[in-house]
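What follows is a set of notes on a single structure, which appears directly below.
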């Protein structure tokens, strides 16, 4: 039996979901109806990753036609660069905080993927998008849910 791209992708999503589930289970804040705490949104994302991963895996098992390779060399490099940027994002939030690091990371990732795409996006659109994403997430967490986001060791 030949392993198909959807099977590999599905298993990867499931494994990432399980790893994140283990990580968020280590949060010390209890989950209560009055204050769902920092586990709620990542928990929803983990559930989505696992369910979607299972769906993609099953689709790959049921698929009859030939499949394309899982990742080419360039695709693997893009995945590794994106992973490295996300690691830098976590480290950056620890020292500089969410509001300072997020717009730069979002801008960097959107610029990186825009250069790999055939669709051209203007600089000002990526800047506005980066700021909008940052403030929408900040607004959801801080204003809507009353939670805090990392302020960073240098400013906190």
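In table form, for the structure just shown:
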quantity: Residue in segment 106-113 that is surrounded by 15 or more Cβ atoms within 10 Å (Cβ to Cβ) and more than 28 Å from residue 9 (Cα to Cα) present; calculated: no
quantity: Index of the failed condition, residue 64 passing every other in (1) modelled with pLDDT of 85 or more; (2) in the same structural domain as residue 6 (by TED's automatic domain parsing); calculated: (1)
quantity: Number of the exception - residue 58 against (1) in the same structural domain as residue 42 (by TED's automatic domain parsing); (2) modelled with pLDDT of 85 or more; (3) in contact with a helix residue (DSSP H, G or I) (Cβ under 7 Å, 6 or more places away or on another chain); calculated: (3)
quantity: Close pairs (8 angstrom Cβ cut-off, 6 or more residues apart or separate chains): under 21 Å from residue 74 (Cα atoms) and assigned by TED's automatic domain parsing to the domain that holds residue 85 in segment 96-125, exposed (fewer than 10 other Cβ atoms within 10 Å of the Cβ) and at pLDDT below 90 anywhere; calculated: 114/120
quantity: Residue selected from segment 31-44 under the condition at pLDDT 70 or above and in contact with a helix residue (DSSP H, G or I) (Cβ under 7 Å, 6 or more places away or on another chain), by the criterion surrounded by the fewest Cβ atoms within 10 Å (Cβ to Cβ); calculated: 42
quantity: In segment 139-148, the residues that are within 17 Å of the chain's Cα centre (by Cα) and loosely packed, with under 15 Cβ neighbours inside 10 Å; calculated: 140
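Listed here are the residues, each with its yes/no results for (1) surrounded by 12 or more Cβ atoms within 10 Å (Cβ to Cβ); (2) under 27 Å from residue 10 (Cα atoms).
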| site | (1), (2) |
| --- | --- |
| 82 | yes, yes |
| 116 | no, yes |
| 120 | no, no |
| 135 | yes, no |
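The values are calculated or read from the model by the stated rules, or taken from the named source; none is laboratory data. Quick caveat: nothing in here was measured; it's all calculated off a predicted structure. With ideal geometry, Cβ positions are generated from the backbone for all residues, glycine too; neighbour counts draw on all protein chains shown.
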